[in-house]
């Protein structure tokens, strides 16, 4: 196997949570690359990784149309990369590096793409955390693991931009992540979030900020509408950079098992994660900030995006169950 030398490019994951879980791999790789280190991925990754100094250059890859794909092929050919590392398992990512004439290409040989990789890796026979899957690529490169837990930073510029935009956001608040991009099976009921918010406001008089994604405003509003003391609960839609700052300042984050959950944990904030259908082995990385809440029902884990039964793994988690964790942390 070859060492990590020459001009290297990493194809970043697409899911926000996976981007965070890639940071142990990326930080370790940064320390051992002899040459330029580039990345290609969604633009939001640039804001997420800001302050970590992981890459020399970044290529945005937000469009999936054919013209954009062929344009990226031409870009890679012109840049003449010595090594390409694929973190996603998609056929498309391997095809891009193959057609882009990246000389050495390493990643998992899944989805019938092994022939396009110079070093296809076998997927672990056992179920391991996503962060561990990435780190095993590092092992295959014979590079040293520098860190094993996800990490993020908030920069001074991000702090200043946040303060100029959100002048009335208090410094002592609880953040709610009520959506889940993966699918409805991961979402704790809106009425449960409303009930929990009422308990927190009544006992601790803390402000609660509901932080929805782009497609989650209606869901966030339903949670807000269900709280009696609406002056203490606000909905704030934020981009990645502002979300990162907001989560970093929260006294506590209550969240579904979704991307911002990993951001909060990587920033060291106390994070109550309401776990539903997913196998927790996927996200089993070292953490001193995560407080899981779950119900062991017969059909869990199913890893399904949409529940075809009664969604008991989420509906059976009562607001009182989560509030007990809130008291444990805030008390």
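Taking packing as the residue-averaged number of other Cβ atoms within 10 angstrom, the listed peptides 270-276, 47-53, 26-32 run from highest to lowest as 270-276, 26-32, 47-53. Each residue in 9, 137 was given a count of other beta-carbon atoms within 10 angstrom of its own, and listing them fewest first yields 137, 9. Model label sites at residue 70 and residue 237, defined 7 Å from Cα along the beta-carbon direction, differ in position by 3.5 nm. With R₀ set to 41 Å, the beta-carbon distance separating residue 123 from residue 168 gives a calculated FRET efficiency near 0.25. Annotation for segment 254-331 versus segment 147-182: alpha-carbon center distance of 20 Å.
With a cut-off of 17 Å on the backbone N, the residues of segment 155-192 near the modelled label site 7 Å out from residue 230 along Cα-Cβ are 191. Classify segment 277-331 as rounded, prolate or oblate from the Cα gyration tensor: take a ≥ b ≥ c as the square roots of its eigenvalues, call it rounded if a/c is under 1.5, otherwise prolate when a/b beats b/c and oblate if not. In terms of gyration-tensor shape, oblate.
Panel order for 57, 171, 300, by other beta carbons found within 10 Å of each beta carbon, from fewest to most: 171, 57, 300. Stretched out straight at 0.36 nm per residue, the stretch from residue 63 to residue 315 would grow longer than its current Cα-Cα span by 87.0 nm. Rounded to the nearest 500, the helix-only mean residue ellipticity at 222 nm of the chain stands at -10500 deg cm²/dmol, with each DSSP H run of n ≥ 4 adding -39,500 (n - 2.57).
The angle separating the long axis of helix 66-79 from the principal Cα axis of greatest extent in the chain is about 50 degrees. Hey, what angle do you get for helix 156-165 against the long axis of the chain, alpha-carbon based, 0 to 90 degrees rounded to 10? Roughly 40 degrees, rounded to the nearest 10.
Coordinate-derived values only; no laboratory data. None of these values were measured; they are calculated from a predicted model. Methodologically, a virtual Cβ is constructed for each residue, glycine included, from the backbone with ideal geometry; neighbour enumeration extends over all protein chains shown.
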